[in-house]
Amino acid sequence: MARSLVTRRSSRLSLIAEEPRICGAAILTIALGIGANTAIFSIVYAVLLKPLPYVEPEKIYSVEVVIPERRSQFASLPVTIQVYQEWRKANTAFAAMSALTPWECVLTGQGEPERLGGARVSANFFSFLGVPMARGRGFSADEEQVGKERVVVIRDSLWRRRYAADPALIGRSIDVDGESHVVVGIAPPAMLMPTGALLHPMVVFAPRIDVWKPIATTKSQLQNESWDHGLLVRLRPGENPEHGRQ
């Protein structure tokens, strides 16, 4: 398996076809609310994760979707926000799941404007990984609501470089994309997440992630089919990828 958070799609699919046990992946047919499709579960655990304080990283899987009717166009797809929300409500073999999607923003105030790589994530993202904040907290469930999502977690290095490691920054507002956002937490220095196209070729993150914001889905977004979210899942004790959704 590649020394990265997630193997690239071409490597992953070929490994599944040749020997599933090599990369810890499995293929199964499940109902996603969009017809009978194939989901590819690929283990996220890799050597790179071993020294990090993640809780049971060997149980974290990423999910891709294969729609037979679209196979000629797309070998696989990431998930839509609708699929994620339906899975989250359903009784599945997963103990937990977390979604993430790329986000780039401009930070202004207290220095020159700065474009940052970021990610919008489900509120449980940090607790899902088992990553404690260096300071402050992660996101709360109500911050996934439109109008309450103007909160951010920033990377430790950004906090030190731009804000001189000021502990009073927690609870203060900073300007992100021209709007006031409250800093609720500082991510630890060892925080690691997929960058570039590691999670999926259609979900491309910046080379470095410095800021996180909750996913708050609008009505218009729910009316559109956008395959632009990565999905991470943890299996329930005693479950395996072959069981899928029952």
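The values are calculated or read from the model by the stated rules, or taken from the named source; none is laboratory data. Since this is a predicted model, take the numbers as computed values, not measurements. No Cβ is skipped: glycine too gets one built from the backbone with ideal geometry, and neighbour counts run over all protein chains shown.
Of all residues in region 175-219, exactly one satisfies the criterion of being at pLDDT below 85 and exposed (fewer than 14 other Cβ atoms within 10 Å of the Cβ), namely Ala190. Quick one: which residue in Ser76, Ser42 is modelled with pLDDT under 60 and touching a helix residue (DSSP H, G or I) at 6+ places or on another chain (Cβ under 7 Å)? Every option except Ser42 fails the conditions.
Consider region 65-82 and keep the residues that are in contact with a Gly (Cβ under 9 Å, 6 or more places away or on another chain) and in contact (Cβ under 8 Å) with a residue 60 or more places away in the chain. The one that is farthest from Pro194 (Cα to Cα) is Gln82. Of all the criteria given as (1) within 21 Å of Pro102 (Cβ to Cβ); (2) modelled with pLDDT of 95 or more; (3) not aromatic (Phe, Trp, Tyr), the one not satisfied by Arg172 is (1). What's the total number of residues in region 85-99 that are in contact with a His (Cβ under 7 Å, 6 or more places away or on another chain) and either closer than 23 Å to Glu225 by Cα or charged (D, E, K, R) (or both)? Counting residues in region 85-99 that are in contact with a His (Cβ under 7 Å, 6 or more places away or on another chain) and either closer than 23 Å to Glu225 by Cα or charged (D, E, K, R) (or both) gives 1. Regarding Glu64, is this residue over 24 Å from Met133 (Cβ atoms) and at pLDDT 85 or above? Here the answer is no, as Glu64 does not meet what is asked.
Screening Ala95 against (1) touching a Pro at 6+ places or on another chain (Cβ under 9 Å); (2) assigned to a strand (DSSP E or B); (3) modelled with pLDDT of 95 or more leaves a single unmet condition, (3). Pairing each residue of region 115-134 that is under 14 Å from Gly185 (Cα atoms) with any residue that is at pLDDT 95 or above and of a type in the set (Asp, Glu), provided the two are 6+ apart or on different chains, yields C-beta distances under 8 Å for Ala123/Glu143; Ala123/Glu144; Ala134/Asp156.
Restricting region 126-144 to residues that are part of a helix (DSSP H, G or I) and over 13 Å from Val211 (Cα atoms), which is farthest from the chain's Cα centre (by Cα)?
It comes out as Asp142.
Among the residues of region 172-214, which ones are small (Gly, Ala, Ser) and touching a residue at least 24 places away in the same chain (Cβ under 8 Å)?
Within region 172-214, Gly178, Ser180, Gly185, Ala187, Ala190, Ala197, Ala206 qualify.
Report whether or not Arg135 is surrounded by 20 or more Cβ atoms within 10 Å (Cβ to Cβ) and among the charged types (D, E, K, R). Judged against the criteria, Arg135 is not a match. Scanning region 133-154 for residues that are farther than 18 Å from Ser98 by Cβ and touching a Phe, Trp or Tyr at 6+ places or on another chain (Cβ under 9 Å) gives Ala134, Arg135, Ile154.
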